[in-house]
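These notes concern the structure reproduced below.
The values are calculated or read from the model by the stated rules, or taken from the named source; none is laboratory data. This is a predicted model, so every value here is computed, not measured. Positions of Cβ are generated from backbone atoms using ideal geometry, with glycine treated the same way; all protein chains shown enter the neighbour counts. The accessibility values were calculated without ligands, DNA or RNA, using every heavy atom of the protein model including side chains. Shrake-Rupley method; radii C 1.70, N 1.55, O 1.52, S 1.80 Å.
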Amino acid sequence: MDLIGLLDRIVIGAESISEGRKNLAINGSEHAGRLFYEEGIAISFDTFKNAQSSVDPRIMILIELTFLQQELQFCNEADTITQSSLTQAIQSFEDALRCLKTVEDSMLYKGVETSYPTAQKHRFHGFPRDAVHLACDSHKTRLQNSQRTPGINMIEKAVLTQRISNMKTIQTAYTEKQKNALGE
């Protein structure tokens, strides 16, 4: 599936999840809520899995970023803690997209690479732990924390697990881009 199709599917998935959650909280609408919710989870899971199969960091980041933007849009206004977390995640992935452009320019990235300390904590498999790696690492932590939430059902945990797997795939594919940019 192409990027536009994946983006369209992730928006539909997030909207269905949100609609399902709303209906689950309304007496008499629980059945419709469950159907929306399950449909949204299935669409989202499939979309994250398809994005991962592209092994393209840009596609996977755009899918995750779009999903996060949708979650923020549907987030309850009173839930400032979640809003803050989503806003930070969105900003991190926007920074990661900027970084992806930089790694495509080998000469530019060679200059950038020298600005990173060589200490292990500033490196990912020997390469700069830049905005892409930082976004993926912090988001993996965020998703893992969500998995630990009591009462979360197993189908939603499966989506979280897929998203965590996508972060690992992004980092592996991006490291190859770093390697190519640095001529290693």
- The answer for ARG123, listing residues at least 5 apart or on another chain whose modeled amide H is closer than 5 Å to its amide H, is ARG129
- Protein accessible area in the stretch 112-184, 1.4 Å probe - carbon and sulfur %: 54 percent
- Message: With a 1.4 Å probe and all protein chains kept in place, how do THR114, THR149, THR47 rank by accessible area, largest first?
- Response: THR114, THR149, THR47
- Item | Residue-normalised accessible area of the stretch 69-184, given per residue in Å² at a 1.4 Å probe | 57 Å²
- Message: Testing the spin-label approximation: label points 7 Å from Cα along Cα→Cβ at THR141 and GLN88. State their distance in nm.
- Response: 0.8 nm
- Item | Label-point gap, in nm, between THR114 and SER165 - each point 7 angstrom along Cα→Cβ | 4.2 nm
- Message: Compute the angle between helix 154-181 and the longest alpha-carbon principal axis of the chain, please, reported from 0 to 90 degrees and rounded to the nearest 10.
- Response: 20 degrees
- The farthest towards the positive end of the charge dipole of the chain, of the residues LEU108, SER85, ILE152, given +1 on Cβ of Lys and Arg and -1 on Cβ of Asp and Glu, is LEU108
- Reachable lysines from LYS140, criterion Cα separation under 25 angstrom, eight or more residues apart if same chain: LYS49, LYS101, LYS121, LYS157, LYS168, LYS177, LYS179
- Could you run the Karplus curve 6.51 cos²θ - 1.76 cosθ + 1.60 with θ = phi - 60° over the stretch 5-22 and give me ³J(HN,Hα) per residue in whole Hz, x for Gly and Pro? x, 5, 4, 4, 5, 5, 5, 4, x, 5, 5, 5, 4, 4, 4, x, 4, 4
- Using alpha-carbon coordinates, inclination of helix 131-147 to the longest axis of the chain, degrees: 30 degrees
